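The values are calculated or read from the model by the stated rules, or taken from the named source; none is laboratory data. Quick caveat: nothing in here was measured; it's all calculated off a predicted structure. Neighbour counts run over all protein chains shown; Cβ positions are idealised from the backbone, glycine included.
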Amino acid sequence: MSLKSPFLKGLQEEMRIRGYSIRTEKTYLYWIKAFINFQHKRHPETMGTEEVTQFLTFLANQRNVAINTQKIALNALAYLYQKHLHHELGDLGFCYATKQRHLPTVLSPSEISLILNELDGRDRLIIELLYGSGLRVSECLRLRIQDIDIDRASLTVRDGKGHKDRQTIL
């Protein structure tokens, strides 16, 4: 099923109406399409708990995905069945992924200085905001002058993750 399918288009439209972020929409559609392809392009209405369990177990055992990846796939399928098709999935006795995610490598302050010294102007400001304030790229791109409070050395991040506003340091 491509996104040209009326079923997937309807699913995408419903997510937009419910206010899901574009990123969540793309992620959910990816995992729903992967599930449909795994089940030889059967329509989700003809499948249920058993097929979802098979798919999630396949992700853990054959694809060796991280547990968080498996949880994202589960969330996508739960959305599909509970919110879109209005079917309860029941007890999913799938095999949980055990692959642990690796901790990120953190740059030292001297390494950060080396990088910042190679940048200037707008690029340097963007990297300093991302690094120093802990902003996500999408949040940085949405910043406006009125979001900066120099007196309090703070930023107002509007419509961040989960469509929430938050304050962070400048």
**Q.** Restricting the stretch 16-56 to residues that are outside any helix (DSSP H, G or I) and within 18 Å of the chain's Cα centre (by Cα), the residue that is farthest from residue 163 (Cα to Cα)
**A.** 18
(Q) As an exercise: evaluate residue 110 against (1) outside any loop (DSSP other than H, G, I, E, B); (2) within 15 Å of residue 49 (Cβ to Cβ) and give the number of the one condition it does not meet. (A) (2)
Q.
With the structure loaded, tell me whether residue 89 is exposed (fewer than 15 other Cβ atoms within 10 Å of the Cβ), more than 18 Å from the chain's Cα centre (by Cα) and either of a type outside the set (D, E, K, R) or not in a helix (DSSP H, G or I) (or both) or whether it fails that test.
A. no
Q. Of (1) under 21 Å from residue 20 (Cβ atoms); (2) among the β-branched types (Val, Ile, Thr); (3) loosely packed, with under 14 Cβ neighbours inside 10 Å, residue 106 satisfies all except one. Which?
A. (1)
Q. Which is acidic (Asp, Glu), over 26 Å from residue 138 (Cα atoms) and in contact (Cβ under 8 Å) with a residue 24 or more places away in the chain, of 45, 50?
A. 45
Q: Name the residue, out of 96, 81, that is aromatic (Phe, Trp, Tyr), within 22 Å of the chain's Cα centre (by Cα) and surrounded by 13 or more Cβ atoms within 10 Å (Cβ to Cβ).
A: 81
**Q.** residue 63, sole failed condition from (1) more than 30 Å from residue 38 (Cα to Cα); (2) among the basic types (Lys, Arg); (3) not in a helix (DSSP H, G or I)
**A.** (1)
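Rundown of residues vs (1) among the charged types (D, E, K, R); (2) out of contact with any Cys (no Cβ under 7 Å at 6 or more places or on another chain); (3) outside the structural domain of residue 128 (by TED's automatic domain parsing), yes/no style:
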| residue | (1), (2), (3) |
| --- | --- |
| 29 | no, yes, yes |
| 36 | no, yes, yes |
| 45 | yes, yes, yes |
| 49 | no, yes, yes |
| 61 | no, no, yes |
| 91 | yes, yes, yes |
| 103 | no, yes, yes |
| 113 | no, yes, no |
**Q.** Candidates 142, 124, filtered to the one that is among the basic types (Lys, Arg), farther than 22 Å from residue 48 by Cα and modelled with pLDDT of 90 or more
**A.** 124
Q. In the set 66, 97, which member is within 29 Å of residue 139 (Cβ to Cβ) and touching a strand residue (DSSP E or B) at 6+ places or on another chain (Cβ under 7 Å)?
A. 66
Q | Scope the stretch 23-39; condition out of contact with any Leu (no Cβ under 8 Å at 6 or more places or on another chain) and surrounded by 11 or more Cβ atoms within 10 Å (Cβ to Cβ); matching residues | A | 24, 25, 26, 27, 30, 34, 36, 37, 38, 39
Q. Out of the stretch 113-170, which residues are part of a helix (DSSP H, G or I), among the charged types (D, E, K, R) and surrounded by 12 or more Cβ atoms within 10 Å (Cβ to Cβ)?
A. 124, 128, 139, 147, 161
